[in-house]
Amino acid sequence: MLTGIIEVPDKLKSAVYVKIRQGDGIVYNTVIFDMDGVIIDSEHIHYEIFKVFSRELGLNIPKEEYNTLVGSTDTRIWTYFKDRYGLPQAVEELVESYAANYLDYLTKAEDVEPIQGVEVLIKDLHGNNIRLALASSASRRNIEIVLDMFDYNKYFETSVSGFEVKNGKPSPDIFLHAAELMRANVSECIVIEDTKNGVNAAKAAGMKCIAFRNPNSGNQDLSAADLIIDRFDEINCSKLKSLF
């Protein structure tokens, strides 16, 4: 089980890993996945839980306003709503209460599956010696649950929670830290994201970015991405070379 900030095992740090090449130039060797909305189709679940919780707080927040914060950490989200609507609760209390509601759902859910096609892509990349990391605004506990639920720990060398860096998305911190843990150059990393905040964070980190257009993530402006896809079967290890 993953705990805290995960270091790459020494045997992997010292290993010689494959670099996929386009002509004579190095293309990429590391792919960093977002989690919510990319690996697990959870954005609509987050919104439904948010809607119920916010109404308990006496708020009726338009979905369009909520969508502007999708991909951010819970701390950033609830700091925004506390300041905007003058909520009396501390940000920490709001974050803990919301997180408890989401974790309760996630641990009891029996029908949660990976997003269609993403597991095939993960296995294809891993099978071609591309190194995988996960960088999510979710809490460490949420990340652990999802990776354990889908048995994906064997594919991902490391993971970073947005709670483990100073600034969450759209700041680049989370992706820069993931690259640091993987000992990868940012120019050799590809990020897969589903939100405007995530895409902007990846580009601010100096990385190539694939945007997955997930209808459950709201009407996201993904125009800054290097490639936008509607399905994961549109890409594979070989096709990602076209980004460079």
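The values are calculated or read from the model by the stated rules, or taken from the named source; none is laboratory data. Everything numeric here is computed off the predicted structure, so don't read it as measured data. When we count neighbours, we look across all protein chains shown, and the Cβ atoms used for this are built from the backbone with ideal geometry, even at glycine.
The single residue among LYS123, LYS166, LYS154 that is farther than 21 Å from ALA201 by Cβ, assigned to a loop (DSSP other than H, G, I, E, B) and assigned by TED's automatic domain parsing to the domain that holds ALA202 turns out to be LYS154.
Note on segment 183-201: residues that are among the small types (Gly, Ala, Ser), within 14 Å of GLY168 (Cα to Cα) and touching a strand residue (DSSP E or B) at 6+ places or on another chain (Cβ under 6 Å) amount to 0.
You will find that of ALA178, ALA135, the residue that is in contact with a helix residue (DSSP H, G or I) (Cβ under 7 Å, 6 or more places away or on another chain) and either assigned to a helix (DSSP H, G or I) or crowded, with 19+ Cβ neighbours inside 10 Å (or both) is ALA135 and no other. Give segment 187-244 a look and list any residue that's within 20 Å of VAL165 (Cα to Cα), of a type outside the set (A, V, I, L, M, F, W, C), more than 12 Å from the chain's Cα centre (by Cα) and part of a loop (DSSP other than H, G, I, E, B), or say none. GLY206 - this is the single residue of segment 187-244 that is within 20 Å of VAL165 (Cα to Cα), of a type outside the set (A, V, I, L, M, F, W, C), more than 12 Å from the chain's Cα centre (by Cα) and part of a loop (DSSP other than H, G, I, E, B). Considering only segment 139-156, I want to know if a residue exists there that is polar (S, T, N, Q), in contact with a Phe, Trp or Tyr (Cβ under 7 Å, 6 or more places away or on another chain) and modelled with pLDDT under 95. Checked against the condition, which is being polar (S, T, N, Q), in contact with a Phe, Trp or Tyr (Cβ under 7 Å, 6 or more places away or on another chain) and modelled with pLDDT under 95, segment 139-156 yields at least one hit.
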